[in-house]
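**Student:** So that we are looking at the same thing, I have put the structure below in C-alpha cells.
Laboratory data are not the source of any read-out in this text; all were calculated from the coordinates shown. Because the structure is predicted, anything quoted here is derived from the model rather than measured. Heads up, the Cβs are rebuilt from the backbone with ideal geometry, glycines too, and the neighbour counts pull from every protein chain shown.
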Amino acid sequence: MQRHILVAIAAKEIKDATRNRWFWLYTAAFALLSSALAGTALLGSGFGGLAGFGRTTASMINLVLLIVPLMGLTAGTLSMAGERERGTLAYLLAQPVSRFEVYWGKFAGQVVALVSSLLLGFALSGGLVAWKGGVAQSNLYFVLLALSALLAVASLGLGFLISVLVRRASAAFAVSVVMWLSLAFLADLTLLGMASGMRLGAQQLFHLSLLNPLEAFRMASVFSLRSSLDSLGPAGLYATRTYGSATLALFMGALGAWACLPATLSYAVFRRRSVL
C-alpha cells in the first residue's frame, strides 16, 4: 500500500463529490432545514440560551434520521456503481494501483465529503443558536454531531456494499432507496410485529434494535439528551437499568461497528469480483 496513492484517489473522490448535483442538493436541504429547526427552537425557548442548544438538538434528531442515511446510501452507491458503468473504474484499476488503494481511497474521500456536508449544516444552525441564545448545553449538540457522523459513515458503507453487489448504477440506486425506506420506516413496524407475534421480552427487543443503525442512533441521541430511555418503552428501560452510565458508550460502539462492518465486507467483495 502506498499512502500517496490513497491520498490522490481520496482527493479525486472529494472533487468528484463536490461536482455531483446530489451532493449539493442534500447539503443545501440539510443546511436549510437544520437552520429552520434552530430558529424554531429559539422561538420556543423562553430563556434563550438556557434551552437553545438543547431544543435544537432534540428537534434535529428526526431530521438526521431522515436525511443523513439517504445521503450516505446514495453517495456510496453512485461512487462505485456509477464509475463501473462508465468504465472509469476498470481504467483506474488498469493503472499500477491495488484494489485496496482504490477502494479505501474512494471510501475515505466520500467520508470526508459527507462529513463536511454535515459540518456545514451543523455549523449554520449551531452558529444561529450561539448568536441568538448563547452556548448553554452546546455539549449535547456536539454529541449529536458525532453520532450523526457515525451514522453517515455506516450508511456510506451500506451504500458501497450495494454498489459492489449490484452492477447497474440505476438498479443500485433503486436498491439504496429501498434500503433507506426499510431502515427508516419498515424496520420499526417489523420489530413491533415480531414483538407482538413472538412475545419478545425487553432484552430481545433491545438487542434487535441495535441491528438497525438508525434505531441505534435514535436511542443514543435520546439518551444523550435525557440520560434515560424511559420514553422508548420496555427496551429503553432495560438498557438504562442494565448498562446505566455505560449506555451511551454501548450505542456509540454499536454505531462504530455499523461504520466498520459494511465497509469491510464490501471491500472483501470488491477484491474478489470482476469490475466488468
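**Student:** What spacing in nm lies between the two simple spin-label points modelled at A90 and K132, each 7 Å away from Cα in the Cβ direction?
**Tutor:** Placing both labels 7 Å beyond Cα along the Cβ direction yields 5.4 nm.
**Student:** Let me ask another. So how much slack lies between L33 and N62, counting 0.36 nm per residue of separation and subtracting their Cα-Cα distance, in nm?
**Tutor:** That pair, L33 and N62, stretches by 9.3 nm at full extension.
**Student:** For region 210-223, just list the computed ³J(HN,Hα) in residue order, Karplus coefficients 6.51, -1.76 and 1.60, θ = phi - 60°, integers in Hz, with x standing in for Gly and Pro.
**Tutor:** 5, 6, 10, x, 5, 5, 4, 5, 4, 5, 5, 5, 5, 5
**Student:** R21 to A268: extension gain in nm, 0.36 nm per residue of separation minus the Cα-Cα distance?
**Tutor:** Net length gain for the segment: 86.0 nm.
**Student:** Just to verify a number: FRET efficiency for F185 and Q2, C-beta to C-beta distance, R0 = 45 Å, to 0.05?
**Tutor:** For R0 = 45 Å, the calculated efficiency reads 0.55.
**Student:** Which ³J(HN,Hα) values, rounded to whole Hz and listed in residue order, are derived for region 91-101 from phi using the Karplus coefficients 6.51, -1.76 and 1.60 in 6.51 cos²θ - 1.76 cosθ + 1.60 with θ = phi - 60°, glycine and proline given as x?
**Tutor:** For region 91-101, the Karplus curve yields 5, 5, 6, 6, 7, x, 10, 8, 5, 4, 5 Hz.
**Student:** What ³J(HN,Hα) values, in whole Hz, does the Karplus curve 6.51 cos²θ - 1.76 cosθ + 1.60 give for region 109-117 when θ = phi - 60°, with x put for Gly and Pro?
**Tutor:** For region 109-117, the Karplus curve yields x, 5, 4, 4, 5, 5, 5, 4, 4 Hz.
**Student:** Which of L33, L158, L210 has the fewest other C-beta atoms within 10 Å, and how do the rest follow up to the most?
**Tutor:** With the fewest neighbours first, L33, L158, L210 line up as L33, L210, L158.
**Student:** Also, I was wondering about something else. Given R₀ = 30 Å, FRET efficiency for Y243-V115 by Cβ-Cβ distance, to 0.05?
**Tutor:** After rounding, the FRET efficiency stands at 0.60.
**Student:** Excluding residues on the same chain fewer than 8 positions from K106, give the lysines whose Cα lies under 19 Å from its Cα.
**Tutor:** K12, K15
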